[in-house]
Amino acid sequence: MKKLTTIASLGLLTILLNSCCFGTLQSALTHGKSTVSLMQAPQDIEVSCQGKKLEITSEVFAASESIGGSVSTTYYTSAVKLPAKHKTTIELYSPSLNKRATVELKPKASKNLIFLDIIFGAGSGLLIDIPTGNLKMLQPRLLDVNSALQGKPRNQWLSHGKLKRMAKRQAKRGE
């Protein structure tokens, strides 16, 4: 009976450790890539990394629900996907504006993934996610493309909150 209890306990511990690694789960679902949203980007924006042109996709950057929960709105923006574990530099180019900019993206641990690992996995998920680097996401996640193309330094870009609010307003007006 003691052996059965030990085996069951080890099985339960294995399931707990494997199921509560939210960084590993997120990394598996996204194939180790981080989404970087291109806010306030001109329609003809081109993005490249290490000389290779990146595919620009439409990704969700925000969602909201009405108080009753009957109406939900999802907001989309242009985005690129890049490997999340290493520092990288992307180049932005707009043919219509004839302007270029380079933006350095750095991997940083996601506070949301750390929180999920601590709360739902009693911290056990961190034992796997930290050494594997699966908690990392590229920062900044929202790029102020307009400011970057104008040559403004990163500290003069609009905040994430302002970028989201502006994009939501534009979406509501149908721009």
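Quick note: the coordinates plus some simple rules give every number you see, no bench work behind them. Just so it is clear, the model here is predicted, and its values are computed rather than measured. Cβ atoms come from the backbone with ideal geometry, glycine included; neighbour counts cover every protein chain shown.
Between K152 and L97, the modelled label-to-label distance comes to 1.0 nm, taking each label 7 Å out from Cα in the direction of the beta carbon. Sorted fewest first by neighbouring Cβ atoms within 10 angstrom, V145, V60 come out as V60, V145. The packing ranking of peptides 158-171, 78-91, highest mean first, is 78-91, 158-171, where packing means the average number of other beta carbon atoms within 10 angstrom of each residue.
Model label points for S9 and Y75, set 7 angstrom from Cα along the Cα-to-Cβ axis, are 5.1 nm apart. Listed from fewest to most Cβ neighbours within 10 Å, the set S37, S9 follows the order S9, S37. With each label modelled as a point 7 angstrom along the Cα→C-beta vector, the Q139-E55 pair spans 2.9 nm.
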